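K.L.:
Have a look at this one before I ask anything.
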Amino acid sequence: MDLRVVIADDQAVVREGLVTLLGLLPGVEVVGAAADGVAALDLVAEHRPDVLLVDLRMPRRDGVETTELVRARHPGTEVVVLTTYTDDDSLLAALKAGARGFLTKDADAEAIARALRSAAAGQSTVDGELQQRLVEAATRRAPVRAQEVEGLTTREIEVLRLIAAGLSNTEIARTLVVSEATVKTHVNHLFSKAGLRDRAQAVAFAYRAGIAD
C-alpha cells in the first residue's frame, strides 16, 4: 500500500512544491496539505496518514505543538520535521514532542522519501547538520545522572557508543561479531533502562553521558 502523507507548511510555494515532489515518488500518496498547525491536525484526524511532514515555524500552531498533539491524539501517525530553521530549542522541543525525523529544506527527494519511510517504520532519520545541532544542544543541557549510566551493562554502553557513531544494527552486529537479534535485544534493554524512545534520543543521551565524543 502507498505511504500516506500530510504536508504542513505556511509557505505556499514550498507546500505546493512538496506536494508535487512527493506526488512523483512511487509508493507515496499526499492525502492533504495545510498552511498551519490547526489545519494540519484537522487533516491528520480526517485522513489518518502514516506520516505528517511538518514545518517548525507556522501560524496559529507551530510545528512543535502540532507534533505533540498529533503524537498524543493519533499515535498511528509519525512526524517528520522539515525546516530551514535550526535553532536548538525548537529542534530539542520537536524531538521531545515525538518527531521521528529531522530534515532541512534543501533535502532532495530521495532523502525525504527515506525519512518518511523510516518514520513510518518507527525509525529515526536526522539530517547530518541537524544531528550535530541536536548533539551540541544536548551537551549544553544538564548531564545525564551517573546512576542512569551505571544501570547499563558494559555491552549496552558499547552498543550505545556505536549507535552514537551512526552505525545501524546490522553494522553493530558485524563490529561486535554477534547476531543482529542480539544487538536488537541490547538496544531494547538500553532504551528501556535509559528511558529512550528512538536513536536520535540515544545519540543525545550518549553525548550527555560522555559515552560518545
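The values are calculated or read from the model by the stated rules, or taken from the named source; none is laboratory data. All values derive from a computational prediction rather than experimental measurement. Reconstructed Cβ throughout: ideal geometry from the backbone, glycine too, with neighbour counts over all protein chains shown. Protein only, heavy atoms only, side chains kept; ligands, DNA and RNA dropped before computing areas. Shrake-Rupley method; radii C 1.70, N 1.55, O 1.52, S 1.80 Å.
K.L.:
Pairs please, first residue from the stretch 113-128 and among the acidic types (Asp, Glu), second anywhere and at pLDDT 80 or above, Cβ atoms under 8 Å, 6+ apart in sequence or on different chains.
P.N.:
From the stretch 113-128, the pairs are ASP127/PHE102; ASP127/LEU103; ASP127/THR104; ASP127/ALA107; ASP127/ALA111.
K.L.:
Also, I was wondering about something else. Name the one entry in GLY63, GLY37, GLY32, GLY23 that is of a type outside the set (Val, Ile, Thr) and either out of contact with any strand residue (DSSP E or B) (no Cβ under 8 Å at 6 or more places or on another chain) or exposed (fewer than 14 other Cβ atoms within 10 Å of the Cβ) (or both).
P.N.:
Working: GLY63 fails: either out of contact with any strand residue (DSSP E or B) (no Cβ under 8 Å at 6 or more places or on another chain) or exposed (fewer than 14 other Cβ atoms within 10 Å of the Cβ) (or both); GLY37 fails: either out of contact with any strand residue (DSSP E or B) (no Cβ under 8 Å at 6 or more places or on another chain) or exposed (fewer than 14 other Cβ atoms within 10 Å of the Cβ) (or both); GLY32 fails: either out of contact with any strand residue (DSSP E or B) (no Cβ under 8 Å at 6 or more places or on another chain) or exposed (fewer than 14 other Cβ atoms within 10 Å of the Cβ) (or both).
The conditions single out GLY23.
K.L.:
Can you name the number of the only condition in (1) of a type in the set (Lys, Arg); (2) surrounded by 15 or more Cβ atoms within 10 Å (Cβ to Cβ); (3) under 23 Å from ALA202 (Cβ atoms) that ARG4 fails?
P.N.:
(3) is the only condition that ARG4 fails.
K.L.:
Okay, next question. How about the stretch 1-39: which of its residues are under 15 Å from LEU116 (Cβ atoms) and in a strand (DSSP E or B)?
P.N.:
LEU3, ARG4, VAL5, VAL6, ILE7, ALA8, VAL28, GLU29, VAL30, VAL31, GLY32, ALA33
K.L.:
Can you name the residue in the stretch 58-82 that is hydrophobic (A, V, I, L, M, F, W, C) and not in a helix (DSSP H, G or I) and, of all such residues, is farthest from the chain's Cα centre (by Cα)? Spell out the reasoning first.
P.N.:
Pass one, the stretch 58-82, residues hydrophobic (A, V, I, L, M, F, W, C): 58, 64, 69-70, 72, 79-82.
Next, from what is left, pick out any that are not in a helix (DSSP H, G or I): 58, 79-82.
On the way: MET58: 19, VAL79: 7, VAL80: 6, VAL81: 8, LEU82: 10 Å.
Ranking the qualifying residues of the stretch 58-82, first place goes to MET58.
K.L.:
Inside the stretch 40-57, can you point out the residues that are surrounded by fewer than 20 Cβ atoms within 10 Å (Cβ to Cβ), in a helix (DSSP H, G or I) and in contact (Cβ under 8 Å) with a residue 12 or more places away in the chain?
P.N.:
LEU43, ALA45, GLU46, HIS47, listed by residue number.
K.L.:
While we're on this one: Within the stretch 192-213, track down each residue that is open to solvent by less than 70 Å² (accessible area, probe 1.4 Å), out of contact with any helix residue (DSSP H, G or I) (no Cβ under 7 Å at 6 or more places or on another chain) and either of a type in the set (D, E, K, R) or assigned to a helix (DSSP H, G or I) (or both). Let's see the steps before the verdict.
P.N.:
Here is the first cut: in the stretch 192-213, the ones open to solvent by less than 70 Å² (accessible area, probe 1.4 Å) are 194-196, 198-207, 209-212.
Checking the rest, the ones that are also out of contact with any helix residue (DSSP H, G or I) (no Cβ under 7 Å at 6 or more places or on another chain) come to 195, 198, 210.
Within the stretch 192-213, ASP198 is the sole residue that qualifies.
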